[in-house]
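Have a look at the structure below before the remarks.
The values are calculated or read from the model by the stated rules, or taken from the named source; none is laboratory data. These figures come from a predicted structure and were not determined experimentally. Using ideal geometry, Cβ is built from the backbone for each residue, glycine included, and neighbour counts are taken over all protein chains shown.
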Amino acid sequence: MTAPPPVVLFLCVHNAGRSQMAAALMDRHAQGRVVVLSAGTDPSDRLNPAVVAAMAEVGIDIAARRPRALTDEDAQRADTIVTMGCGDSCPVYPGRRYLDWPLPDPAGRPIEEVRLIRDQIDGLVRGLVDELVS
């Protein structure tokens, strides 16, 4: 009998940048070995265009994704919740493992800076995948 895959929730305020990049990169690197969720505490109406462009540069199309609000169901389902710059606006759910990745918000930044944020997230995601599926 095999254990169910771990569930990771990437959480930020607008769910339009960092958490979307992290979720897409986790999907790529985990290759189905991790269930990936992404949400925001105050979701935007669309993804950050620079984030969409930066992800397309590494062969990941997130253009059709939409920001979504955090639900209690998402949080209760998650084994690990990764917060990204939401501070006090991110609720705490007892019994969940929390990681905080203090990354700059890509909103309003030029593509050159968004690439750097994407690459930071990629390194963190790779480390988390190695930890969760080893």
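Quick notes on this structure:
- No other residue among Ala54, Ala24, Ala16 is buried (at least 18 other Cβ atoms within 10 Å of the Cβ), modelled with pLDDT of 95 or more and under 20 Å from Glu131 (Cβ atoms) apart from Ala24.
- Residue tally, condition assigned to a loop (DSSP other than H, G, I, E, B) and either buried (at least 21 other Cβ atoms within 10 Å of the Cβ) or touching an Asp or Glu at 6+ places or on another chain (Cβ under 9 Å) (or both), over segment 41-51: 2
- Test: residue in segment 61-82 that is farther than 30 Å from Ala3 by Cβ, touching a residue at least 60 places away in the same chain (Cβ under 8 Å) and either exposed (fewer than 13 other Cβ atoms within 10 Å of the Cβ) or more than 15 Å from the chain's Cα centre (by Cα) (or both): no
- Of Val92, Val133, Val114, all but one fail to be on the phi < 0 side of the Ramachandran plot, modelled with pLDDT of 95 or more and either of a type in the set (A, V, I, L, M, F, W, C) or in contact with a strand residue (DSSP E or B) (Cβ under 7 Å, 6 or more places away or on another chain) (or both); the exception is Val114.
- Scope segment 114-129; condition farther than 15 Å from Pro102 by Cα and surrounded by fewer than 17 Cβ atoms within 10 Å (Cβ to Cβ); matching residues: Arg126, Gly127
- Residues (hydrophobic (A, V, I, L, M, F, W, C) and either touching a Pro at 6+ places or on another chain (Cβ under 8 Å) or assigned to a loop (DSSP other than H, G, I, E, B) (or both)) located in segment 65-108: Ala69, Leu70, Ala75, Ala78, Met84, Cys86, Cys90, Val92, Trp101, Leu103, Ala107
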